[in-house]
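The values are calculated or read from the model by the stated rules, or taken from the named source; none is laboratory data. Computed from a predicted structure; not experimentally measured. Quick reminder, even Gly has a Cβ in these numbers, built from the backbone with ideal geometry, and neighbours come from all protein chains shown.
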Amino acid sequence: MTGDHSSKQYDADLETIRSKVLAMGGMVERQFQDAMSAFRSGNLELAARVMKDDEAVNRLEVELDDSCSQLIVRRQPTANDLRTVMATIKIITDLERVGDEATKIARTAIHLYKRGPMGPINHYETVRVIAEEASEMLRSALDSFARLDTEQATALFAQDASIDHGFRSITRSLATFMMEDPRTISASIDTLWVAKAIERIGDHAKNIGEYVIYVVGGKDIRHTDFGAARFVSTEED
């Protein structure tokens, strides 16, 4: 009876943490969307709010890290349970870093619009496609975590490759702009910073997919050629 009660309490504690992690995911999704809106429109109040919201995300990261640590101490999980807690801690870190990247975009929007006219570069259209891809990727990563869906998690790798390709294309285009017209250098550098932040958000979403695969199958695929290494579950039927 005691063991069964303890197991149910562990499950309840872990579910509470998972719910808060998903809420944190919703917060950083909104941060990213608002940051891109500020970058598109020059809404400095919205950009400032994104930066302010990062404080709440940081506080939640600390709270969730503490909850996970307390769960390990109190329940002493083993095997798959411990794997789940450790992966959750890493997901929390990646979500906090998504918030950091959104804050960078908002800060860049403020600098860009305070500087004044930007010349021939449509800074938002330059990054729009990879921003939409990264937003969808982040949403999909959180959904894969909520449902522990390894198929959805695996699909994130192709999406990340597409964003990486887009980022390289943007870098080449902006380099050409700067060489042909030095007046575009400041705006081009700002736009490049935003593109890099978006590319990093894609990386963090991909990391979440890796942790989902780790939780479900016990296979750590970080720093591997996932295209050549198929996911094979190590869980017993």
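Residue-wise test of (1) of a type outside the set (Val, Ile, Thr); (2) at pLDDT below 95.
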site: Asp4; (1), (2): yes, yes
site: Gly25; (1), (2): yes, no
site: Glu45; (1), (2): yes, no
site: Ala48; (1), (2): yes, no
site: Asp65; (1), (2): yes, no
site: Thr103; (1), (2): no, no
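Kindly indicate whether any position in segment 65-78 is touching a Lys or Arg at 6+ places or on another chain (Cβ under 9 Å), crowded, with 21+ Cβ neighbours inside 10 Å and not polar (S, T, N, Q).
no
If the Cβ limit is 7 Å and pairs must be 6+ apart or interchain, which residue in segment 62-85 that is more than 17 Å from Gln9 (Cβ to Cβ) pairs with which residue that is modelled with pLDDT under 95 and not in a helix (DSSP H, G or I)?
Arg83/Gly218
Does Thr93 fit the bill of being more than 20 Å from the chain's Cα centre (by Cα) and not basic (Lys, Arg)?
Answer is no for this residue.
List pairs: first residue in segment 160-187 and of a type in the set (Asp, Glu), second residue surrounded by 14 or more Cβ atoms within 10 Å (Cβ to Cβ) and part of a helix (DSSP H, G or I) anywhere in the structure, Cβ distance under 6 angstrom, at least six positions apart or on different chains.
Every condition considered, the pairs that remain are Asp160/Gly202; Asp160/Lys206.
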